[in-house]
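Report on the structure given below.
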Amino acid sequence: MRRRPPIPPSPLPQRDGVDPVRIRLPQGGSWRTVREHLVERLAAGPGVIDGMLGDGLIVGADGRPVRPDTAYLPGMFVWFHRELPDEERVPFPLDVVHHDEHIVVADKPHFLATTPRGSHVAETALARLRRELGIPALSAAHRLDRLTAGLVLFTVRPQERGAYQTLFRDRLVRKEYEAVAPYSPGLALPRTVRSRIVKERGVPAARETEGEPNAVSRIELVEQRSGLGRYRLTPETGQTHQLRAHMRTLGVPILGDPLYPVVSGPVPVGDFRRPLQLLARALEFIDPLTGHEHRFASDRVLGAWSAYDDWAQ
């Protein structure tokens with residue numbers, strides 16, 4: 001089996017902690033020039049690709065601008081910087097819990113995306129940390145939902161990222177979450193919830209369906225007062241929205257959840273009220289490179305538990 005040639009390093013630097021877009025021209029096709037392929041593939045609007053080519057903003061592996069008449073070459077790489085959207089700054093700190101030569105563990109606030117995606121690009125945990133720590137090669141070993149706060153693990157060296165990602169893939173990381181939700185006297189806890197969760201592209205909420213369980217969560221009540229409960233959630237698997245869906249299934253949906261039990265309208269840009277009361281409280285794992293046993297804990301406090309009236313305003 002013929003091995004693909006290695007991906008060349010980017011000829012463009014990061015911008016605001018965000019990598020340039022890299023495109024590899026596919027095999028086959030009837031495009032005569034790189035321009036024709038990019039116009040069809042990117043659907044960027046009339047004249048956008050021509051303008052970028054004319055301004056020298058699209059470059060090849062040698063860093064030289066791609067000309068409008070550059071011939072199409074299957075397997076060729078091109079790079080360019082996307083136009084960054086206007087983003088509302090998330091006005092909460094991103095705290096570094098641990099930093100060594102291999103990893104960075106950050107305590108992410110609510111509303112801050114982990115990695116660039118969609119309309120959240122420069123205002124993400126990854127881009128912020130790259131800028132603030134001066135580590136352009138920093139990458140995320142896993143992700144937290146934008147609305148969930150808490151601990152996220154990043155890797156310092158690209159060649160080591162796979163070792164840490166494997167920990168999550170093989171369920172060798174113990175993750176503990178905390179949530180605030182209604183208290184239900186008739187709900188017997190602790191219990192382990194098992195179900196099959198399906199998340200369809202383009203559909204905001206995941207759904208539980210019949211079939212072999214692929215999502216397992218341990219749910220415990222830590223304490224309760226004034227009709228609210230503080231819960232410890234320990235996922236054994238990592239399906240999208242797993243904890244949120246399982247709390248909904250138990251009849252105690254997490255406070256501030258815009259998707260469960262029902263999908264609500266979009267929150268206006270810049271509205272940081274009533275954050276989802278879900279926190280990635282702790283991470284435990286044995287470091288695959290050093291053998292050191294790590295345990296990290298978030299110092300964040302969920303607002304609906306500490307000061308419900310302030311959270312609910």
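In units of 2.2 N^0.38 Å, what is the alpha-carbon radius of gyration of region 177-222?
Cα-based Rg divided by the globular estimate yields 1.40.
When a/c is below 1.5 the answer is rounded, else prolate if a/b is larger than b/c, else oblate, so apply that to region 1-54 with a ≥ b ≥ c taken from the square roots of the Cα gyration tensor eigenvalues. Intermediate values should be presented prior to the final figure.
Values: a/c = 2.60, a/b = 1.08, b/c = 2.41.
Verdict is oblate for region 1-54.
Specify whether the C-alpha gyration tensor of region 23-76 places it in the rounded, prolate or oblate class, a ≥ b ≥ c being the square roots of the eigenvalues: rounded for a/c under 1.5, otherwise prolate if a/b is larger than b/c and oblate if not.
oblate
At 4 °C and 1.567 mPa s, grab the translational diffusion coefficient of region 146-237 from Stokes-Einstein with a Kirkwood Rh over Cα pairs, rounded to a whole number in µm² per second. Using the Kirkwood radius from Cα pairs, D works out to 82 µm²/s. With a Förster radius of 22 Å applied to the C-beta separation of residue 286 and residue 236, the computed FRET efficiency comes to 0.80.
Within the shell defined by Cβ-Cβ distances under 13 Å, the residues around residue 285 carry a net charge of 0, with Lys and Arg each +1 and Asp and Glu each -1. When you filter the trypsin sites (Lys or Arg not before Pro) in region 27-121 for DSSP loop state and at most 14 other Cβ atoms inside 10 Å of their Cβ, you are left with 32, 82, 89.
Here region 1-157 has 51 percent of its accessible surface on carbon and sulfur atoms, given a 1.4 Å probe and all protein chains in place. With semi-axes defined as the square roots of five times the eigenvalues of the C-alpha gyration tensor, the equivalent ellipsoid of region 225-265 measures 17, 16, 8 Å, largest first. Using the Stokes-Einstein relation with a Kirkwood hydrodynamic radius computed over Cα pairs, the translational diffusion coefficient of the chain at 25 °C and a viscosity of 0.890 mPa s comes to 111 µm²/s.
For the chain, the 222 nm mean residue ellipticity estimated from helices alone, with every DSSP H stretch of n ≥ 4 adding -39500 (n - 2.57) and the total spread over all residues, rounds to -4000 deg cm²/dmol.
Could I get the Rg over Rh figure for region 113-172? Both from C-alpha atoms, Rh via Kirkwood, rounded to two places. Rounded to two decimals, Rg/Rh equals 0.97. For region 24-47 versus region 3-22, the inter-centroid distance based on Cα atoms is 19 Å. Summarising the overall dimensions of region 1-95 from its C-alpha atoms, the Rg and Dmax are 15.7, 51 angstrom. Computed over the Cα atoms of region 211-285, the ratio of the radius of gyration to the Kirkwood radius (Rg/Rh) comes to 0.98.
Can you give me the convex hull volume of the Cα atoms of region 178-313, divided per residue and expressed in Å³?
Hull volume normalised by residue count: 161 Å³.
With each label modelled as a point 7 angstrom along the Cα→C-beta vector, the residue 187-residue 226 pair spans 1.9 nm. For region 43-147, the pair-distance distribution built from all alpha carbon pairs, in bins 10 Å wide starting at 0, is 12, 34, 26, 22, 6, 0 percent. Output the Kirkwood hydrodynamic radius of region 193-253, Cα pairs only, in Å rounded to one decimal. One over the average 1/r among Cα pairs gives 12.3 Å for region 193-253. When the P(r) is computed for region 267-313, the part past 15 Å accounts for 61% of the Cα-Cα pairs.
The values are calculated or read from the model by the stated rules, or taken from the named source; none is laboratory data. All of these numbers come straight from a predicted model, not from anything done at the bench. Virtual Cβ from ideal backbone geometry, glycine too; neighbours counted across all protein chains shown. Note: areas computed on protein heavy atoms with side chains; ligands, DNA, RNA excluded. Shrake-Rupley method; radii C 1.70, N 1.55, O 1.52, S 1.80 Å.
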